[in-house]
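Participant: Please read through the structure below; I'll follow up with questions.
The values are calculated or read from the model by the stated rules, or taken from the named source; none is laboratory data. Model, not experiment: these values are computed from the prediction. Don't worry about glycine lacking a Cβ; one is built from the backbone with ideal geometry, like all the others, and counts go over all protein chains shown. Accessible surface is based on the protein model in full, side chains and every heavy atom, while ligands, DNA and RNA are left aside. Shrake-Rupley method; radii C 1.70, N 1.55, O 1.52, S 1.80 Å.
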Amino acid sequence: MEFTSKIKTIEWVNNTSRMIDQTLLPYELKTVDIITCDEMYNAIKNMIVRGAPAIGIAGAQGLSLAALELAKITNDVNEFLKKLEEKAQYLKSARPTAVNLMWAIDKQLEIAHNTISTVYGLTDAIVKNGKAMELADIEINKQIGEYGAQIVPKGATILTHCNAGALATVGYGTALGVIRSAYAKDQTIKVFADETRPRQQGARLTAFELITDGIDTTLITDGMCSYFMKKKMIDIVIVGADRIATNGDTANKIGTYTVAIAAKYHNIPFYIAAPLSTIDSNIKSGDEIIIEERDHNEVTHINGKKICPDGVKIINPSFDITPNELISGIITEKGILRPNYTSSIKKALSIN
Ligand code: MRU
């Protein structure tokens, strides 16, 4: 049985990037058409589209939109490329932590610089590549799912944090892709989804996806994970990633590090599921990863209602770093990478 999510998060149609507006979920499943590079910058920054692989494709298609706009104002190739570079830097600045954004935009720039053609030809090549990257993302997730399903024990209860699902990718998902592939083989598996404060991606998005697909899902608040681990109600943890250093240290949604420590203490395997494009080959450890600091309103308010007194100080880092020694394996489209990550990551990237 093949089990496929019905969700298509981002899709290039008629020179437009059509995406699900994730800020409306789970109340409303609605798409929005992004038609300019500026609109794409805002969609990424304001998390209409979010999740590392999804914002990578959004960045790539943002550059497709930029190329289409620039082709209307110049037919000089050098001027086109110079302005395209500026748009690329602008799009990259929308969010700092998920490396897939930088990776995907750089892939588009490579196409632009390595294609010898007119502005029309370059634009066509960039647009086609943005679409091809979209289609490839689903295949990569399915490969991650296949590898990951092999390490999910029969009847297991899987804990996940934040949303690394179809909504964080083009479709199918990374951590949730593993869960979907495992479920295709064994319908007795269950999922515990962390709520994931402050933006509640676990409650709003992960629970929505899994319930839509008919998978047995229990929502818990972030502080509950060790309670259920001690009660032996969690068999394995699988989460996604926003950036992985070459030593395996992994940035993921704030709270992931706490889950990994609790899993280690209770002897529960803790896995990362991510495409190789989430590995940043330029950095040696998690210390080099920039952590996004987001709006304080995300902490002070829930559903528009203030939950704390005036005057209290707020800090809102959006991600944390899980050190490599807490990670049992990194599930990629090329197989499961094991410690020592410096050598297994090097090997995986060299055959990519
Ligand atoms: O801030 P977000 O919602 O873009 O962050 C996404 C995450 O951190 C997810 O946990 C995910 O694992 C990474 S994307 C598959």
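Participant: So how many residues does segment 234-282 have that are hydrophobic (A, V, I, L, M, F, W, C), more than 16 Å from the ligand (Cβ to nearest atom) and part of a loop (DSSP other than H, G, I, E, B)?
Facilitator: Qualifying residue count for the region: 2.
Participant: So the check is Cβ under 7 Å with 6+ separation or different chains; which pairs have a first residue in segment 157-168 that's open to solvent by 10 Å² or more (accessible area, probe 1.4 Å) and a second one that's of a type in the set (Phe, Trp, Tyr) and more than 6 Å from the ligand (Cβ to nearest atom)?
Facilitator: THR157/PHE192
Participant: Across segment 284-316, which residue is farthest from LYS346 (Cα to Cα) among those that are assigned to a helix (DSSP H, G or I) and open to solvent by 60 Å² or more (accessible area, probe 1.4 Å)?
Facilitator: The extreme case among them is ASN297.
Participant: Which members of segment 193-204 meet the condition of being open to solvent by less than 20 Å² (accessible area, probe 1.4 Å) and more than 11 Å from the ligand (Cβ to nearest atom)?
Facilitator: Just the residues of segment 193-204 that are open to solvent by less than 20 Å² (accessible area, probe 1.4 Å), to begin with: 193-194, 196, 201-202.
Within segment 193-204, just ALA193 meets the criteria.
Participant: Ok, one more. All but one of (1) open to solvent by 60 Å² or more (accessible area, probe 1.4 Å); (2) of a type outside the set (Asp, Glu); (3) within 15 Å of the ligand (Cβ to nearest atom) hold for PRO96, so report the exception by its number.
Facilitator: (1)
Participant: Among the numbered criteria (1) within 16 Å of the ligand (Cβ to nearest atom); (2) in contact with a strand residue (DSSP E or B) (Cβ under 6 Å, 6 or more places away or on another chain), which single criterion is violated by ARG18?
Facilitator: Evaluating ARG18 over (1) within 16 Å of the ligand (Cβ to nearest atom); (2) in contact with a strand residue (DSSP E or B) (Cβ under 6 Å, 6 or more places away or on another chain) leaves (1) as the failure.
Participant: Next up: Hey, among the residues in segment 51-93 that are open to solvent by 60 Å² or more (accessible area, probe 1.4 Å) and outside any helix (DSSP H, G or I), which one's nearest to VAL239 (Cα to Cα)?
Facilitator: In this case the residue turns out to be SER93.
Participant: Return the residues of segment 112-124 that are small (Gly, Ala, Ser), modelled with pLDDT of 95 or more and farther than 16 Å from GLU85 by Cβ; say none if nothing qualifies.
Facilitator: Of everything in segment 112-124, just one residue is small (Gly, Ala, Ser), modelled with pLDDT of 95 or more and farther than 16 Å from GLU85 by Cβ, namely GLY121.
Participant: Right, another one. Is there a residue being within 16 Å of the ligand (Cβ to nearest atom), at pLDDT 95 or above and more than 23 Å from ASN141 (Cα to Cα) anywhere in segment 101-111?
Facilitator: No, segment 101-111 contains no residue that is within 16 Å of the ligand (Cβ to nearest atom), at pLDDT 95 or above and more than 23 Å from ASN141 (Cα to Cα).
Participant: Moving on. Please list, ordered by first then second residue, the pairs with beta carbon atoms under 7 Å, 6 or more apart or interchain, first in segment 285-304 and charged (D, E, K, R), second open to solvent by 30 Å² or more (accessible area, probe 1.4 Å).
Facilitator: From residues that are charged (D, E, K, R), the pairs are GLU292/PRO96; GLU293/PRO317; GLU298/ARG199.
Participant: Counting only residues that are without any contact (Cβ under 8 Å) to a residue 60 or more places away in the chain, under 17 Å from GLU134 (Cβ atoms), open to solvent by less than 70 Å² (accessible area, probe 1.4 Å) and of a type outside the set (Ser, Thr, Tyr), how many does segment 5-32 have?
Facilitator: Count: 3.
Participant: Right, another one. Which of (1) open to solvent by 10 Å² or more (accessible area, probe 1.4 Å); (2) outside any strand (DSSP E or B) is the odd one out, the single condition LEU219 does not satisfy?
Facilitator: Condition not satisfied by LEU219: (2).
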